[in-house]
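The values are calculated or read from the model by the stated rules, or taken from the named source; none is laboratory data. If you're wondering where the values come from, they're calculated on a predicted model, not measured in any experiment. Virtual Cβ from ideal backbone geometry, glycine too; neighbours counted across all protein chains shown. Accessible surface areas use protein heavy atoms only, side chains included; no ligands, DNA or RNA. Shrake-Rupley method; radii C 1.70, N 1.55, O 1.52, S 1.80 Å.
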Amino acid sequence: MATPFTFEAVANDIAVSGGEVSLALDKAGNPSIAFSQAGSGQIVVARRNGGTWTHENVPGGFIGVDIRPWLAIDSTGNPRLGYQDLSSGELIHAVKSAGQWSFTHISTKLTPIQGPGGVAGVTFALRPGRLDTESRDVGYFVYVDLATDGIGFAHTGSIGPTPVTVQVDTTELTTFADPSVSFDSSENFFVGYVSFFHTGSPQDFVSVRETHVVDIEQGTFSTPAVIEGSQQINVRRPTSIARTFSDGCLAYFDMASKTLKASVASGGILRIETVAANVNNIVTPSAAAKGNDFRVAYSDIDAVKLASRSQFGDWTVEAVDAVSAGSPSLAYDNAGTANIAYVAGGTLKYARRSE
């Protein structure tokens, strides 16, 4: 029988907006959580150290309802954020250093006239730079460019062009949405997302896609691989991608069949697996790697749940917390401790378990 999760109060004095949170771990496994306050959209970062939670407002950092402020912890233990600004709609990179926050408007336009522009579906990760110190803590952003409805990529490094196009349809018959990103152990950068070919019929041709950076100096990506595509699937929530040294897991929710699915690359074989069937909620999954295995957290109508994949490709699902909750955020530390953050009843919750 699995060890039960333990739960901790994070910021019970703050009413939380919507259900979108982002959890990240530092090198020691200490969790931090980014979320926004109800009403104002003020971004808050909560941090746990020595078993005690503290939290602070990000000055001038505001987002809309059900917008996720993406959080990462850099190599020096400082928080960094990527988010869509409430007032301008632009991509903001917020960095805390020496106790102070700084903010950069990231150039995102994929049209010939580049510069900051309207974005949606922002996702963000820091390059680890374990062997290449020049690339350490470079921010990698993927987003939907509202001017083209395409997927764009931008970074804060000095090597390679930014922004660049991941995929755009110049005929405007296909639009793109719901990206997710992950570095693998070799620091290859992967992107998952969804495309919608507008057929004129009630149901679009929907496809889930994956690509990766081929050459950062040239700003090129691989030809997108179509994981699954048809008029019989309906994916309208963000994907979630996790990578190990050689394997990968791209999780997504098919509303048409009420099925949480994962495209899993393992041992050189790629296949679509059912993570959970008969899901009665509109799910935004959170995928993570635990060693060489994959886990996916999600919120069904009756509980926050965790799906675990065995080395044989079998998925088992357990209830973490029997509450109706927003989208969870999942991460594992190097010791195999599960960390999950989510919003239930307007309150931020945190669960952890050593496995």
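In whole percent, what relative contact order does the chain give with Cα contacts below 8 Å and a gap of six or more residues? Display every interim value, and only then the final one.
Numbers: 1003 pairs, mean separation 45.6, N = 355.
Computed value for the chain: 13 percent relative contact order.
Karplus couplings for the range 296-309 from phi (6.51 cos²θ - 1.76 cosθ + 1.60, θ = phi - 60°), rounded to Hz, Gly and Pro as x?
9, 9, 7, 10, 7, 5, 10, 5, 6, 10, 10, 9, 10, 9
Note down the net charge around SER299, summing +1 for each Lys or Arg and -1 for each Asp or Glu among other residues with Cβ under 10 Å from its Cβ. Spell out each step's value before the answer.
Details: positive: LYS305; negative: ASP300, ASP302, ASP321.
With Lys, Arg at +1 and Asp, Glu at -1, the net is -2.
Per residue of the range 91-107, in order, report the coupling 6.51 cos²θ - 1.76 cosθ + 1.60 (Karplus, θ = phi - 60°) as ³J(HN,Hα) in whole Hz, putting x for Gly and Pro.
7, 10, 10, 9, 10, 9, 8, 6, x, 10, 9, 10, 9, 10, 7, 7, 5
Rounded to the nearest percent, how much of the accessible area of the chain (1.4 Å probe, protein heavy atoms only) is carbon and sulfur? Working shown, then result.
Numbers: 7260 of 14810 Å².
That fraction is 49 percent.
Give the distance, in whole Å, between the Cα centre of the range 148-164 and the Cα centre of the range 300-340.
32 Å
Could you tell me what % of all Cα pairs in the chain have separations over 29 Å? Write down the numbers at each step before the final one.
Working: 22164 of 62835 pairs.
Tail of P(r) above 29 Å: 35 percent of Cα pairs.
Considering only protein heavy atoms, what is the solvent-accessible area of ARG48 at a probe of 1.4 Å, reported in Å² to the nearest 10?
40 Å²
Where does the charge balance sit around GLN231 when Lys and Arg score +1, Asp and Glu -1, over other residues with C-beta under 13 Å from its C-beta?
-3
What ³J(HN,Hα) values, in whole Hz, does the Karplus curve 6.51 cos²θ - 1.76 cosθ + 1.60 give for the range 214-222 when θ = phi - 60°, with x put for Gly and Pro?
8, 8, 5, 5, 9, x, 10, 10, 5
Could you pull out every residue, at least 5 positions away or on a different chain, whose amide H is within less than 5 Å of the one on GLN231? Hs are placed 1.01 Å off N in the peptide plane, and Pro or chain starts have none.
Here VAL206 satisfy the definition.
Rounded to whole Å and ordered largest first, report the semi-axes of the equivalent ellipsoid of the range 178-229 derived from its Cα gyration tensor (root of 5λ).
They are 27, 11, 8 Å, listed largest first.
How high is the relative contact order of the range 1-159, in percent, counting Cα pairs under 8 Å that sit 6 or more residues apart?
14 percent
Considering only lysines 8 or more places apart in sequence, or on different chains, count the pairs in the chain whose C-alpha atoms sit under 20 Å apart.
For the chain, the number of qualifying lysine pairs is 7.
Give me the net charge for the shell around VAL119: Cβ to Cβ below 12 angstrom, other residues only, Lys and Arg +1, Asp and Glu -1.
Values: positive: LYS109; negative: ASP85, GLU90, ASP145, ASP149.
After counting each charged neighbour, the total is -3.
In whole Å, what is the distance between the alpha-carbon centres of the range 57-91 and the range 97-142?
Result: 11 Å between the Cα centres.
5 Å is the cut-off here: which amide hydrogens, built 1.01 Å from N in the peptide plane, fall below it relative to ALA11, excluding neighbours closer than 5 in sequence?
Close amide H contacts, sequence-distant or interchain: LEU348.
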